[in-house]
Amino acid sequence: MDLGISDRRAAIAGASSGLGLATARALAGEGVRVTICGRDASRLDAAAATIDGDVTTVVADVSTREGAVTFVDEAGAAMGGIDILVANAGGPPMGTFASTAYEAYQRALELNLLSVVAMCQAAVPAMVAQGWGRVLAITSVSVRQPIPHLILSNTARAGVTGFLKTLALEVASAGVTVNSILPGSHDTDRLRSLYGGDAAGAATDIPTGHLGRPDDFGAVAAFLCSDHARFITGAAIPVEGGAYRALL
């Protein structure tokens, strides 16, 4: 299927590995010009080398407002504008209510909530002005079903979901869609780090019987950024192999 976004311009945050990189690859495969960011220049260059298409890199830490705005500004300058923003960042440390200090919540909110707010503030006004745009945030299935021992992620991701839903309603009439995609357990470095290097155990409770493949996730993300997805906005879409069991 032609997604109708060839020659569009996408800024993908947190794309030096994992699901962000998979999304960048999928968009580039559709002829989208992509700019990716990460905190480590060498990892970023290695990631860019795996993307087949027009790719630019920006070294930035989006967990700070300055880093988030710098990424959007430099991506826009490199590509002549931004049509698609994929907001993404690594997850905060593991912890429970009893083990997590108050100060850790501020850092988690900066990483997984305020980073999205800052990137949207920098990118969305131009999308509204041009009458076309796609905002997609990579969050977590924990928005629907909190994950044990990840209280920081559960808290911050729920907050960003509320922000995105509100933004979606405000910009829908301008041709800009705003959605989030909620990954479950995928075979990524992040998941392996949570499971001590071997993430096979994470597939135990997944009805499909296996971990998600990042490339499959990227294909779903690319569709939500497509022209065909123009009638999907304000949605939080789980991609988790059936692990989320509630009806709604």
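Within a Cβ distance under 13 Å of Ala47, other residues only, what is the Lys/Arg minus Asp/Glu net charge?
Every neighbour counted, the sum reads -1.
Would you mind calculating the relative contact order of the chain from Cα pairs under 8 angstrom and at least 6 residues apart, reporting the percent as a whole number?
Worked out over the chain, it gives 20 percent.
Of Val72, Ser17, Ser142, which is farthest towards the positive pole of the chain's charge dipole, taken about the Cα centre with +1 and -1 on the beta-carbons of Lys, Arg and Asp, Glu respectively?
Ser142
Using a cut-off of 10 Å between beta-carbons, work out the net charge of the residues near Thr233 (Lys and Arg +1, Asp and Glu -1, Thr233 not included).
Net charge around Thr233: +3.
Residues with amide H under 5 Å of His186's amide H, sequence separation 5 or more or different chain, H placed in the peptide plane at 1.01 Å from N; which?
Amide H neighbours of His186: Gly212.
Read-outs throughout are calculated quantities, based only on the coordinates presented, and are distinct from any laboratory measurement. Note that the structure is a prediction, hence the values are computed from the model and not measured. Positions of Cβ are generated from backbone atoms using ideal geometry, with glycine treated the same way; all protein chains shown enter the neighbour counts.
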